[in-house]
Number of protein chains: 4
Amino acid sequence: MTQPRGFLYPRTATGDSSLIPAPPWLYSGDLLTIEYRTDPARVRELLPAPLEPAEEDPGAVALIWADWQSCAASREELLDPVRAQYKEAFAVVRCSYRGRTYSRCVYIWVDKDFAIARGIHQGYPKKLGSIHLTRPHPYGPAPRIEAGARFGATLAAADRRLAQAVVTLTGPAETNGFVNGHPMAHHRLMPSIEKGKGWALDELIESGAASFDGGVPWRGEADLELFEAPTEELARLEIHEPIGAYYRRVGVVWDGGTLLESSAKDES
Amino acid sequence: MTQPRGFLYPRTATGDSSLIPAPPWLYSGDLLTIEYRTDPARVRELLPAPLEPAEEDPGAVALIWADWQSCAASREELLDPVRAQYKEAFAVVRCSYRGRTYSRCVYIWVDKDFAIARGIHQGYPKKLGSIHLTRPHPYGPAPRIEAGARFGATLAAADRRLAQAVVTLTGPAETNGFVNGHPMAHHRLMPSIEKGKGWALDELIESGAASFDGGVPWRGEADLELFEAPTEELARLEIHEPIGAYYRRVGVVWDGGTLLESSAKDES
Amino acid sequence: MTQPRGFLYPRTATGDSSLIPAPPWLYSGDLLTIEYRTDPARVRELLPAPLEPAEEDPGAVALIWADWQSCAASREELLDPVRAQYKEAFAVVRCSYRGRTYSRCVYIWVDKDFAIARGIHQGYPKKLGSIHLTRPHPYGPAPRIEAGARFGATLAAADRRLAQAVVTLTGPAETNGFVNGHPMAHHRLMPSIEKGKGWALDELIESGAASFDGGVPWRGEADLELFEAPTEELARLEIHEPIGAYYRRVGVVWDGGTLLESSAKDES
Amino acid sequence: MTQPRGFLYPRTATGDSSLIPAPPWLYSGDLLTIEYRTDPARVRELLPAPLEPAEEDPGAVALIWADWQSCAASREELLDPVRAQYKEAFAVVRCSYRGRTYSRCVYIWVDKDFAIARGIHQGYPKKLGSIHLTRPHPYGPAPRIEAGARFGATLAAADRRLAQAVVTLTGPAETNGFVNGHPMAHHRLMPSIEKGKGWALDELIESGAASFDGGVPWRGEADLELFEAPTEELARLEIHEPIGAYYRRVGVVWDGGTLLESSAKDES
C-alpha cells in the first residue's frame, strides 16, 4: 500500500496538496532595511541559551520590509501569482553561538499561508500581518531608485499598526547593512501534545541563502516609529540610535539548512 | 539569565507575544456538517501506516463548516474579537489504529493565523481559506433553527471556490453525525532542516474535547458541490452517496492530547 | 434595440451583474450602540446648511457596530453568504431640518462592496474598514445576552485602529438609544466630472426603515476609546460624557426614501 | 457658519476625511492587456443609447490587468502605501457616439475603496475583487521584460475565480493595443432615492489621461480563460478570436473630464 506524499501537510496520494513544495525555494524581491541600536538587554532577553549576545554592537537591530515573488523549482507559482506574491516585515538581531556570530529573526509578519509554512520549517516565528512597501517604478509619481527617492513602509497585525517608516535614499552603498548578514540561527519548536511534557521538537538550526544575486544597494535615512500592541513586543526594541537604512533588489535561493543541536525532552 | 517564554513562537521575556497562549482553548461556535460516502480507496490513500481504513463504512466523509469564537483561559481574546473569531471548513474521515476507530481531519482551511498555529500543535493540516456560513438569527430574513430553514456554506482558497453547499433543516436529530465523533488521530510533522534526512518530528497523536456542551442537533438535507483546483484535492473525495447533514451550536474545550507513537528518524 | 438593465452598474442585457439589486433590502443583525456627548461645535461643523444642530442635546453622538446578514427580495444572497454577510461601524449625530429632528450618519466603515454601493444610494459616507464585534452564543465562552455579559467591538481602516470598546450589559432597557432613532437626513453627492463646476448631484434625502422587528434591547456600560489617524476624524468627536450603551438583535427592511431638496448646480 | 469641505464624503470642517482628494490623480503602474474578438452582439447589448457599436471591429474586447501606485497632488499616499497601492482588472470595448469612436469600460474589479470612489466619479462600474499579476523583476525567478518572459494574471470576486491568463512576451511593439486607446465614454448613474422615479443622475461623460508617459510596449501571446459566476457576466464576452497581448509600464495623470449629455429625469 502506497503512503501519502508531500513535503508538508496535507499529505496525499499525489503530494499535490502540500501547503508548500520541497525546497529549493526561489525568491525575487525588494528589501527595505532599517538598522538601529536598542538597549542590548532587550536583545539579550530574546536569546535562549546557549545563544549569547553578539560580541560587538549587541544592541543592533534590523527591521526589514520585503516584497517578494517566490516559487519552488517548477516555478509554476509565478504564473498563478496569488500563490507566489507575498510581503513580510521582520526584526533581526545578532547573537553568538560557539564563538560564531549569527543573525536571528526575533519577530516576523507575513501575508500568505505558504510563507507561514516556509517559516515553520526555517524557524522564523511567523504571524500574519498587513505589510505595505512603496515600490520603485520608472514612470509616474512612484519613486525611481535614486538620490532623494522616498519609500514608505508600514506593518499592522490584528488591526493595529505596529511600525511605520519613511526612508529617503542618499546614494549607492557598499552593503545592505550588517545585522541580517550572517547565517541565521533559529529555533524550530513544537510543544508536546501532552500538557507539561515540554517540547516535542526543540532544535537550533542554521540556514542561509544557497545562492544570491542582487543590484547595487542604496543607502538612505530612515524615519521609523514603533507602536505598542497587547500581543506584540516589537516596540520593546526601542530605537536608541539610528545606524542606517538600505534599499536593494535581490534574487535568492533557499535550499535547506543544518541542525546545530536538538534538545527535545524525552516524551516517553 | 532568564530564558524567553511563551507557549509558541515568538518567545520573549514576558511570553506575551506568543502566537497562541497555552491550552486550555475554549470555543463557542456553530457546526454545519455534511456526511457522504466516497470511494473507500480515496480515503485509504490518505491514511499513512499504521493507520488503516475504518472497519465499517470506510468511505464515509464529513465536510464541516464551523463559525467560531475562541480564547484561552483568560478569555481576553473575546473582548478584542479580531483575535477570537474565525471560520473554518474541514474534511474528516475515519480510520483504525490498533483496533480502535478514530476520526482524522484530512483537509482544513481557516481564516486566522492563531487558528493555523493551534492546528500545527493539534496536527490539523491547516491552510488559509475564505469560509462563509449562514448564521441563524431570530429576526429578519436570516434563518431561525427550524424545519425548512436553509443554510449556505462556501469555501475558497487562493481565489478559487473549492466547495459550496446548501443545507435545508428537516427536524431535530439524535446526533450531529458519526464521522467526526471519535477521538482524532493526527500526525504532527516537521521535515528535517537538512535535505534528504526525513522527518525531524513525525508523531501520531490522539486528542479530543476536554469538555463539550451543545444544543439539540438538527438534521437536514444537503446539496453539496466540490470543485477542482491545482493545489487542492478535496474534490478527489467524490460524492457517491449522501449520508446526512446536521446543524448544531456547541461549546468546546480543548486541553491537550496523548502521544500514540513517534517515528522521527535519527538525524545524527 | 433593448437597453442594458440593472439597478446599478455594471448594467447588462440581463441586469444580473448589478453590484446591488433594487430595494427592498432585508437585514438580520446585531447592533452594539454607544452614546456619548461631545462638544456640540464638533457636531455642528459636520452639518451643511440648511441642516442645523438638534435643539436638544446637540452634542449627542451614537457610535454603532453592526453585524449583518442582508439580501434583496429573492433572498438568494443568504445561501451564498459571502454575498450577504458584512459588518459595519458608524457614527450618528442628530440635526434639525425645517423644524424636524433627523439622525445623520457622519462616518461609516463597512467590509463589503455591496454595502458600499447601498450606502452610495442611501447617502451613507462609506469607506472600507475592518470591523469586529463579539457575538452572543448559547454555549461555551462567548457571552449570552444577560447581565454581566461583555461584548468587545473594534474598528480599523488603512491598517490603523480607529476605535475600540467593551460594553458590559446591565439589564433590559426600554430603547436602543435615541441618537439613531429618527429618520436619516443624508446627502447624496457626486462632483461634476468637469473641474470647478461644483456638484453634478447634491441631494438632501430622507429615509428610514420600511419595517422593523427586534428583541428586547439591553442596556450596558461602555468603555470606549477613539484613536487619531491621518485620513480620519472620528476622534474629533471627543468623548466628553457617556450617555449609555445598548445591545439589540434586529430585523430591518429598507425600501427607498424621499427627496427633501436638490441643489446641484446647472452644469450647462 | 463654515460649511463642511471635501471632494467627496465624508465631508468635514477640514476636508481631510474625504475618501478621495480632488484630482489630479497620479498613477505609476504596469498594464497587462489581452485583446480578443467576441460576438459583436455581446458588446452591443452592453451599450445604452445613444451609444452605438464601433464601426470597425465592433466585437473587439480588451481585458486589462493593472498594478498601480496612485496618489493625489500632495503625493503623500505614496509614503503610506496601503493608501496608494491597488490592483484592478477591467474589460473595455469600443463604441461610437456622434460619429466618434470611444473606449468604454464595461466591467471592472479593484481591491481598495479609494479606487472604487475614483471609479464612481469617473463612471467606471467598479466592484471589489481579488486581482493578481506577475511583476517583472531584475533578479531571481520572476520575469524580466524580454522575449519569452511569462506573466500570469488572475481575477476573482466573491470567492470565485472569474478570469485567468498567461501571457508570453515575444518582442517590442508599436502600441499597447487599440481597444483601450480612445477617450472613455462612461455613464455616471445614481438611482432616485424614491422608488420608481428613474435616475437622479444619468450622465454620459468623456474622460481620458491628462498626461501619459510610458516605456516601450511589449507584444505577447495570451492564454486566457473566463469563468461563469452567478453575479458576473464577464464570461458572456466569449473569446472567439485572439487579437494580441501587451505589457507596458506607464505613468498617467487623470484630471477631470467633460460632460457629453445628461438625461436624469425630473424628480419633482
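Please treat every number below as a calculation from the coordinates, not as lab data. Fair warning: this is a prediction, and the values are worked out from it, not measured in the lab. Neighbour counts run over all protein chains shown; Cβ positions are idealised from the backbone, glycine included.
Residue of chain C with the smallest Cβ distance to the axis mapping C onto B, distance rounded to whole Å: C:Arg135, 4. Label position 7 Å from Cα toward Cβ: report the copy-to-copy distances for C:Pro138 in nm, one decimal, ordered from shortest. Result, one decimal in nm: 1.1, 6.4, 6.5. Here the Karplus relation 6.51 cos²θ - 1.76 cosθ + 1.60, evaluated at θ = phi - 60°, turns the backbone of region D:146-160 into coupling constants of 7, 4, x, 5, 10, 10, x, 8, 9, 9, 9, 8, 6, 6, 10 Hz, with x for every Gly and Pro. Positive contributions from Lys and Arg (+1) and negative ones from Asp and Glu (-1), summed over other residues with Cβ under 11 Å from the Cβ of B:Gly214, come out at 0.
For peptide A:159-165, the mean count of partner chain Cβ atoms within 10 Å of a residue's Cβ comes to 6.
Full extension of the chain between B:Glu225 and B:Thr175 yields a length gain of 15.6 nm, computed as 0.36 nm times the residue separation minus the alpha carbon distance.
By DSSP, the beta bridges lying fully in region B:25-249 are antiparallel in about 95 percent of cases. Listed peptides C:187-193, D:26-32, B:11-17 appear in the order D:26-32, C:187-193, B:11-17 once ranked by packing, highest mean of other Cβ atoms within 10 Å at the front. Near the amide H of B:Lys127, within less than 5 Å, lie the amide hydrogens of B:Ile108, B:Trp109, B:Val110, all on another chain or at least 5 residues away, with H placed in the peptide plane.
Based on the reciprocal of the average 1/r between different C-alpha atoms, the Kirkwood radius for region C:3-156 equals 17.6 Å. Shown here: region A:128-268, whose C-alpha atoms stretch 63, 38, 29 Å along the first, second and third principal axes, sorted largest to smallest. Adding -39500 (n - 2.57) for every DSSP H run of four residues or longer, then dividing by how many residues chain D holds, sets the calculated 222 nm ellipticity at -1500 deg cm²/dmol. The listed peptides B:81-89, B:231-239, D:140-148, ordered by packing as a protection proxy, come out as B:81-89, B:231-239, D:140-148 (highest mean of other Cβ atoms within 10 Å first).
Note on the protein assembly as shown: Cα-Cα pairs beyond 58 Å make up 9% of the total pair count.
For the peptide B:130-136, the mean number of other protein chain Cβ atoms found within 10 angstrom of a residue's Cβ is 6.
The alpha carbon radius of gyration of chain C, expressed as a multiple of 2.2 N^0.38 Å, is 1.04.
Summary of the geometry: region B:55-94 and region A:74-150, compared by the centres of their Cα atoms, lie 30 Å apart. Once both labels are positioned 7 Å from their Cα atoms along Cα-to-Cβ, the gap between B:Ala41 and A:Glu194 label points is 4.0 nm. Measuring label to label, 7 Å along Cα→Cβ, what does D:Gln3 give against each other copy in nm, shortest first? Inter-copy label distances (nm, one decimal, shortest first): 3.2, 6.9, 7.6. Here the contact order of region D:25-249, divided by its residue count and restricted to Cα pairs under 8 Å and six or more residues apart, works out to 22 percent.
Between copies, B:Glu225 shows label-point distances of 1.6, 4.6, 4.8 nm, shortest first, with the point placed 7 angstrom from Cα along Cα to C-beta.
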